[in-house]
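So the structure is just underneath, and the comments pick up after that.
The values are calculated or read from the model by the stated rules, or taken from the named source; none is laboratory data. Quick caveat: nothing in here was measured; it's all calculated off a predicted structure. Neighbour counts are summed over all protein chains in view; Cβ atoms, including those assigned to glycine, are modelled from backbone coordinates with ideal geometry. The area values use the complete protein model at the heavy-atom level, side chains included, leaving out ligands, DNA and RNA. Shrake-Rupley method; radii C 1.70, N 1.55, O 1.52, S 1.80 Å.
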Amino acid sequence: MIESKNTNLIEIKNELLKIIEKFQIESLKKKILEYKNSDYKVKVAFLGEFSAGKSTLVNALMRKNFLPTFDKPTTAIITELQKGAEYKFEVAERIDGEDKITEISPSDLVDEVQKSGADRMLKISVPDSELISDDTLIIDTPGVSSINETHSDVTYGYIPMVDVAFLVVNINMGSISKSLTEFINQYPDEIKNKLFFVLNFADTKAPSERKKLIEEFTQSVSIIVDSPKIYEVSALNAIKANNSGDQELYKKSGIEQIEKIIIEELPLMKAGIKEQREKEFLLEIKDSLINVLEEIKDNLDKDDEGLSERIKELRNEINQLEMAEKSFFNSIKKMEDKAIEEATDIADQYVDELIEKFIQKEPYAENIADMFQEIQMNLINNLPDFENFEISTIEDTELAKTISTISSKIGSKFQRGQEYSKLAMSGLIAVVFPAQGALNVAEFAAGYLIQTSGGSNGEPNESKNIESKTSSSQPMDGNQKTDAPTSKSLVSNSAPIQTKAWHELSGKQKALRIGGGFLKATTLIIEKVNLFEHAANAYNKNTQTDKLRRELRSKANLIVTKTYSTIKNKANDHVEEYFKMPLNSKIEALDTLRKNRDEKNYLNEKKARDIYQDLIQLKSI
């Protein structure tokens, strides 16, 4: 168990790996296992404001003029100098997420160092430098100044990665500038302690002036850095000494102080630097691991939220299916009610037509069949949208049964009324023409037929009067009352026959005259009896229409009910496939989710406790 921050790196590494493997964080495990401390190179950076002579100082230390120098902001990208088998100049950049390295010629350096970009870097390999060892990097950075914020951002982002930093300042500045103060104050003390302050352009001041300026600078910089390390140099004199071979001038330039730090002191510091870098690496892994564990912990709650949300969604889906099922059956019920209403309307349209058929003694079975057919076609045209569903046709037996029922219940009423009329007529004839009479009806009819066949020349004009009177005695409509003829009326009606020419007629002619009169009287009797039949039909029409309407509606409703009984059976199959099965499936899924949620909650609670303990452990490192 890690007890303090001074625990050695091996214990820190092992503890981190233990937690990483527990939670199977492969990316962090790979980083730890692939880290090689032996490959680490100590990074020595030169930074400062523009025109402070950073690049000139680096050229002086390298004893070669590798880096371009101008009296204006020049270096826009990080430049790394390292030991190599041969001179090589390369531009390393990251394009669309991929690293790319392009080799350039020395003549391209001026252009390349002025191309800014956070994802660009210039790399120079030098085979014969005494300053650079195999595990040392010399780094030139863009100038730190408010004049070019991009340059400052590049340098700022790179500084935490260096091990030693030489901050080059123009000695003529006196106190440290505001821009440098703000730049340094961005970093914690552990980075500030890496700084060496180099006061350049010492050759431009007399010794007494330099002393005063150094004191002034030391006083100002001590406010932001504890025990600052300050050196005065002349990079320009060092360049001159390199070019002329003047060793005395080189010593006076003060460059040897910087060389000594890099060549002699850094190797002594290297072990500590490497250990510190490894510790920083492991602490970065620790911070990453803390972040990952915090995220895992948060996701445990989110996982529960996700399950709860899915459970809620399933509940909603189940409710929707149940409502849809209910709505489906309601729609079938509405369709059935509408079909019954429409079938009733169709049946009503046939009532008057059938009544007239009964009165006229005409066949009516075809009308009932038409009604059945029309109802069925209306049902077919308004069927629910079921796949592979057809309604069956109405059976002939059902049609025959309906015709028989209507015939016996309603048609028979009209038949009896007509029979009663015939009976009444027979009775009336018997009263008017009894058996004791001089002549019977048959004799009079025969005589009339003989007269008709023999011609009508001898017929007296009074026969027309009889016909006229007979016809005028008929009612104008069924509401007008007409008294039935009696024996006396019949005799009085025949009175005009007694003309003075009667005695001149032969016996046969007299017989024919008398027969014709009786025939006319018989016709009048029949017409009067037909009034009875008409009254009977009118009565039956009034009383049987409602009965017929009820009967036809009943049969229409029966057709719809039977059809929708079949439709409901099909609807049940439809509901089973499209509602019940999905509903049951979702209910099962809901039960499974609830079970999984309970199990996961149990595991998550245990995992959360482990994470909590591990986080406490990590934060103690």
The number of residues in segment 168-195 that are closer than 18 Å to residue 141 by Cα and in a helix (DSSP H, G or I) is 8
The helices (runs of 4 or more DSSP H) lying entirely within segment 12-123 that contain at least 3 residues which are hydrophobic (A, V, I, L, M, F, W, C) and modelled with pLDDT of 85 or more are 26-34, 54-62
Of 618, 558, the only residue that is buried (at least 17 other Cβ atoms within 10 Å of the Cβ), assigned to a helix (DSSP H, G or I) and of a type in the set (A, V, I, L, M) is 618
Counting only residues in segment 327-355 that are under 36 Å from the mean Cα position of the chain (by Cα) and hydroxyl-bearing (Ser, Thr, Tyr), the one surrounded by the most Cβ atoms within 10 Å (Cβ to Cβ) is identified as 331
Being in contact with a Leu (Cβ under 8 Å, 6 or more places away or on another chain) and under 28 Å from residue 316 (Cβ atoms) narrows 604, 572, 584 down to just 604
**OP:** Considering every residue within segment 167-181, establish whether at least one is without any contact (Cβ under 8 Å) to a residue 40 or more places away in the chain and under 13 Å from residue 52 (Cβ atoms).
**Re:** no
Can you say whether residue 336 is under 25 Å from residue 581 (Cα atoms), part of a helix (DSSP H, G or I) and in contact with a Phe, Trp or Tyr (Cβ under 8 Å, 6 or more places away or on another chain), as far as the supplied structure shows? no
Output for Cβ contacts, cut-off 6 Å, separation at least six or different chains, first residue more than 17 Å from residue 327 (Cβ to Cβ) in segment 563-586, second assigned to a helix (DSSP H, G or I) and open to solvent by less than 30 Å² (accessible area, probe 1.4 Å), reads 563/379; 564/336; 586/314; 586/318
Item to complete: Assess whether residue 366 counts as being open to solvent by 80 Å² or more (accessible area, probe 1.4 Å) and in contact (Cβ under 8 Å) with a residue 60 or more places away in the chain.
Response: no
Note: among 311, 239, 285, just one is part of a helix (DSSP H, G or I) and either within 30 Å of residue 35 (Cβ to Cβ) or out of contact with any helix residue (DSSP H, G or I) (no Cβ under 6 Å at 6 or more places or on another chain) (or both), namely 285
When (1) modelled with pLDDT of 85 or more; (2) within 51 Å of the chain's Cα centre (by Cα); (3) surrounded by 12 or more Cβ atoms within 10 Å (Cβ to Cβ) are applied to residue 140, the one that fails is (2)
